[in-house]
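The values are calculated or read from the model by the stated rules, or taken from the named source; none is laboratory data. Predicted model, so just to flag it, every value in this text is computed and none were measured. Note: ideal-geometry Cβ built from the backbone for every residue, glycine included; neighbour counts use all protein chains shown. Heavy atoms of the whole protein, side chains included, go into the accessibility calculation; ligands, DNA and RNA do not. Shrake-Rupley method; radii C 1.70, N 1.55, O 1.52, S 1.80 Å.
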Amino acid sequence: MRVNDRAKIACRWLVGGLGMTAVILLGACNDSDDTDVTIDDGQSSIWPALKAEPPSPDGVNMESRIADMVDSMTLEEKVGQMTQPQIDAITPAQVKQYNIGTVLSGGGTWPGSYNGDGDKHAPVSAWVNLANELFNASLESSSGIPLIWGIDAVHGNNNVYGATIFPHHIALGATRDEDLVKSIAQATAEEVAVTGLDWAFAPTVAVVRNIRWGRTYESYSQNPELVAKLTDDAVEGLQGTLTKDDTVIATAKHYIGDGGTTNGNDQGNTQISEERLAEIHGPPYFSAIKAGVQAVMVSFNSWNGQKMSAQKHLITDVLKNKLGFDGLVVSDYNAIGQVEGCTNSSCAKAVNAGIDVFMVPYEWQDFIASTVQQVKDGVIPMSRINDAVSRILRVKIRAGVFDAAPPAQRPLAGKTDLLGSKEHLALARKAVRESLVLLKNRNNVLPLDSEAQVLVAGKSSDSMKRQAGGWTSSWQGTDNTDEDLPVGHTIWEGIQAQAPNARLDTDGSSVDASTDKVAIVVVGEPPYAEFMGDIAADSRIGKAGADTLSFAESYPEQFAVVKRIHDAGIPVVTVLVSGRPLYTNALLNLSDAFVAAWLPGSAGAGVADVLFRDDTGEIAYDFTGKLPFSWPNGPCMADIDAEDYDPLFEFGYGLRYGQASAVGNNLPVTKREKACKTVMQAG
Ligand code: BGC
């Protein structure tokens, strides 16, 4: 069975929940009418004039080589280069026939998917073999231009069985550790190279301004400077000098304003002036371009009512001309179908706006046919096609693809010992340690003694799937079992290794104050990705009926576990595993200590490293993580730019051992009925 068309699922979901009229009114499935947009006329200083710093030898002959190649290509060959099918919808023979330039595997597509379900546990050899077949097929095409294969390696090479799953970006934002981010990106590039692939659709450089968004965890921070800083490291780590065997092409995504949509709606509308767009959402792109990023992915969202995929001003005038980006611009998954007047297989507007590579997973043959026809009809100028192909060739030359051996013969390909290696797991564990943010530590209940009799409870305490989150092994991450995620340790396993007297009882029903001296309760969100994770302000999508950020109201059963243990009279250390800050006042009141652990991934053992003293009674690791997002003080306090935004903990907050907690056990608790409804009506 093929993976469903995700944009369509999103729209169907909306239509089902709201009715078609409301969906049209919301403009969520299609491009709405353009509203007036202030634009930089090229003279103003809204956007900086930048110079890209390509990481590979940008030789004098490269441009004439590109021009010669473009000159010698037919229109069909050129459009083939611009077309990106998904691996479950194309055969090597078709790669050859259509001169396909790039392919993708989105979340949950693995080798073997073609005409079948795909193999979630596909071994490295299956990835390498398929990469090899597709590559060799492209060499046999009439243009002979080698193909490249891109994948969502967003927290490690997370689609691949046995890969190291690093903490999601939000956790890395908490570390503020540039060297660490770079090392993780290098390790990710290595694990991608092991599978024979060339291109990572990472890093996500969204600056998220509303934590209702289901992609908040893919963002380093709400703060543009912090995102920009870490973007630089991520790009350098992934790309290195590009021509090396253990590096891949990086992609800054999703251009631009993805984190700024109204109410945090996934694929929604970002309604801000161009100045503000540049100020808040621009800096990570400035940084990525300066670091030499070779690909930029255009976002699903609209800017002031017009879908980004049709925003010629922002793609061509700003990104390519003003910011000097000379790599390739790729569209998002079927995103062109959301442009007014377009379908998933035809969108001259998006070509003319400046997109170079079209992620058209399934309807790629129709896309080729319609684009060729639009050029013949004069709707798309040949100069635009030539610009697109030149950029694709430029990236391929810089990445050494023309000189590269077929994937199976590359030095790292098939080196299974590098995938999920001990070294990478150790790096992931360091990242987990550094990402933990201590929000409360009453009476210095932490650190715990390694001899302590600890009750460990909570739904996220012993679950690889919950600590890994979305974009892990599959797209949503919801159907994963422990067998799907063989590398690393759960948080419980880490505690068990550190504290031999600890015991696990997930629902805490056996709590006994005479023997349990302290409890670590690990609670959190289930996995989700993209719009499935939206906490909608208007109950449209996301978890059924959920419109509140309140942990207690969204997850009453998990809350009850914490309450049960608290009521039994033992100190409670709450560890929250989540993709975003949540409204946790009720939970904080029951907790003596409270730790935000984000989505740690494979190395759950990093949590115990910090919570416990070592065997000699020393603190081996203090808390160093700082909040990458401020923390809400109400069930509807999601919009960081709202006038009345008044968080409980500011961006940058985070205690170290010995520091006094700013909150006690009597925080006011507001219920959704009283708060969110008013916001919903107003919004
Ligand atoms: C996401 C992108 C991702 C692409 C390919 C889209 O739905 O928005 O971030 O790279 O799918 O899987």
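Of the residues W149, W631, M382, the one whose Cα sits farthest toward the positive end of the charge dipole of the chain, with +1 on the Cβ of Lys and Arg and -1 on the Cβ of Asp and Glu, is W631. One decimal place: the segment K422-E178 gains 85.7 nm when fully extended, by the rule 0.36 nm per residue minus the C-alpha distance.
Working out 0.36 nm times the residue gap between T241 and E225, then minus their Cα-Cα distance, what length gain in nm do you get to one decimal? Intermediate values should be presented prior to the final figure.
On the way: separation 16, 0.36 × 16 = 5.76 nm, distance 2.47 nm.
Contour length minus Cα-Cα distance gives 3.3 nm.
Exactly which chymotrypsin sites (Phe, Trp or Tyr not before Pro) in the range 203-266 are in a DSSP loop and have at most 10 other Cβ atoms within 10 Å? Let's see the in-between values first.
On the way: sites: W213, Y217, Y220, Y255; in loops: W213, Y220.
Taking the range 203-266 and a limit of 10 other Cβ atoms within 10 Å, no loop chymotrypsin sites (Phe, Trp or Tyr not before Pro) are found.
Looking at the chain, the accessible area is 33 square angstrom per residue; that uses a 1.4 Å probe and ignores ligands, DNA and RNA. Taking all protein chains together, K422, K440 sort by accessible area into K422, K440, largest first [probe 1.4 Å].
Work out, step by step, the length gained on full extension between E557 and T74: first 0.36 nm times the residue separation, then minus their alpha carbon distance; give nm to one decimal. The partial results should precede the final answer.
On the way: separation 483, 0.36 × 483 = 173.88 nm, distance 6.21 nm.
Gain on stretching E557 to T74: 167.7 nm.
Could you compute the net charge surrounding L427? Neighbours are other residues with a C-beta less than 12 Å from the C-beta of L427; K and R count +1, D and E count -1. Working shown, then result.
Working: positive: K182, K422, R429, K430, R433; negative: D177, D179, E190, E191, E423, E434.
Computed value for this residue: -1.
Each Lys and Arg adds +1 at its Cβ and each Asp and Glu adds -1 at its Cβ; summed about the Cα centre, the chain shows a dipole of about 360 debye. Select from L323, T371, Q476 the residue farthest towards the positive end of the dipole of the chain; place +1 on Cβ of Lys and Arg, -1 on Cβ of Asp and Glu, and compute about the Cα centre. After comparing all options, I get Q476.
Pop out the carbon and sulfur fraction of the accessible area of the chain as a percent, whole number, probe 1.4 Å. Before the final figure, lay out each step's value.
Numbers: 11270 of 22860 Å².
Using a 1.4 Å probe with all protein chains present, the chain comes out at 49 percent carbon and sulfur.
Size of the dipole of the range 374-526 about the Cα centre, Lys and Arg at +1 and Asp and Glu at -1 on the beta carbon, nothing else charged, in debye to 20? List each step's numbers first, then the result.
Details: 19 positive and 19 negative charges, 213 e Å.
Rounded to the nearest 20 debye, it is 1020 debye.
Using the Cβ of A519 as centre and a radius below 13 Å, the other residues enclosed give a net charge of -2, where K and R count +1 and D and E count -1.
Calculate for the chain the 222 nm mean residue ellipticity that helices alone would give, adding -39,500 (n - 2.57) per DSSP H run of length 4 or more and normalising by residue count, nearest 500 deg cm²/dmol. Don't jump to the answer; show the numbers that get you there.
On the way: 21 runs with 214 residues, N = 683.
Per the formula, -9500 deg cm²/dmol.
The Cβ shell under 12 Å around A452 holds other residues with a net charge of 0, Lys and Arg each +1, Asp and Glu each -1.
By the rule of a C-alpha distance below 22 Å, with chain neighbours fewer than 8 residues away ignored, the lysines paired with K396 are K51, K78, K96, K244, K253, K290, K320. Coupling constants for the range 68-74 follow from the phi torsions by the Karplus curve (6.51 cos²θ - 1.76 cosθ + 1.60, θ = phi - 60°), and in residue order they are 4, 5, 4, 4, 8, 8, 7 Hz; glycine and proline get x. Taken about its Cα centre, the range 548-683 carries a charge dipole of about 360 debye when Lys and Arg each add +1 at the Cβ and Asp and Glu each add -1 at the Cβ.
Cross-link partners of K430 among lysines, defined as those whose alpha carbon lies under 18 angstrom from its own and excluding same-chain residues fewer than eight positions apart: K182, K422, K626.
Each residue of the range 373-385 was assigned a 3J(HN,Hα) from its phi angle through the Karplus curve 6.51 cos²θ - 1.76 cosθ + 1.60 (θ = phi - 60°); the sequence is 5, 5, 5, 4, 7, x, 6, 10, x, 4, 4, 5, 5 Hz, with glycine and proline shown as x. Note on D117 and Y645: the model spin-label points, each 7 Å out from Cα along the C-beta direction, lie 4.4 nm apart. The residue among S183, Y220, T195 whose Cα reaches farthest toward the positive pole of the charge dipole of the range 178-235, with charges on the beta-carbon of Lys, Arg, Asp and Glu, is Y220.
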